[in-house]
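Here is the structure we will look at.
What follows is calculated from the coordinates using simple rules that are stated; it is not laboratory data. A quick note: this is a predicted structure, and the numbers were derived from the prediction, not measured. A quick note on method: Cβ atoms are made from the backbone with ideal geometry, for glycine too, and the neighbour counts reach across all protein chains shown.
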Amino acid sequence: MSTTTEQDTLQSRLPDPIQFFPEMAAIAAAMSKATRNGAIPQTTITLVHLRAGQLVGSTYHTVRQTEILRKAGETEERITAVASWQDAPYFTDPERVALQLVEAVLTPPPTGERVPDDLYAKASAHYDEKALWTLTLAIAQICFFIPVALIAKPIPGKPLGKNYSK
């Protein structure tokens, strides 16, 4: 007699979108290729994606990015501290700027611009133009997939292609 966990019986709200929009696979591959150009460390991109998932409340993205970081050998302290990166001693200055940028993009300030000149200047001090574009595209990449996770609710922790119900 086997028991099933709640995760074993989870189903996404929508089926895999690739059956309706096969070009999404090419878009996703192109976005990944663009961000893996070596201009910034892949770890920084994944930390940014994890923080984005936390900011929007996406279990799918937080589980996925945490899994990627663990497989890359990241410490539990660094992974856990992404939620409180501002006072955590585990991040480099460039990583802090990247996390600050994703927060600025996804969190409206009480007044003023989301990415003010001083934040851009801070980012420019750590990243050249190609790296800034890479970071911008990495944020765009996660923003492309956030609605998928929040609306379709793919199953957290399932391998790609198996996290949709149909």
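Details
- Once the Cα atoms are used to define both axes, helix 129-147 deviates from the longest principal axis of the chain by about 30 degrees.
- In terms of other Cβ atoms within 10 Å, LYS162, LYS130, LYS122 run from fewest to most in the order LYS162, LYS130, LYS122.
- Selection from THR66, VAL105, THR92, by position along the positive dipole direction of the chain (Cβ): THR66
- Whole-number percent relative contact order across segment 38-152, with pairs defined as alpha carbons under 8 Å at least 6 apart: 35 percent
- Scattering curve values for segment 38-152, log₁₀ I(q)/I(0), Debye with Cα scatterers, q = 0.20 Å⁻¹: -1.14
- Nearest-ten-degree value, helix 59-71 long axis tilted from longest Cα axis of the chain: 70 degrees
- In order through segment 20-29: 3J(HN,Hα) via Karplus (6.51 cos²θ - 1.76 cosθ + 1.60), integer Hz, x for Gly, Pro: 9, 10, x, 5, 4, 4, 5, 4, 4, 5
- What the phi angles of segment 40-45 give under the Karplus curve with 6.51, -1.76 and 1.60, with θ = phi - 60°, is a coupling list of 9, x, 4, 4, 4, 4 Hz, glycine and proline written as x.
- Euclidean distance of C-alpha centroids, segment 98-166 and segment 24-71, integer Å: 9 Å
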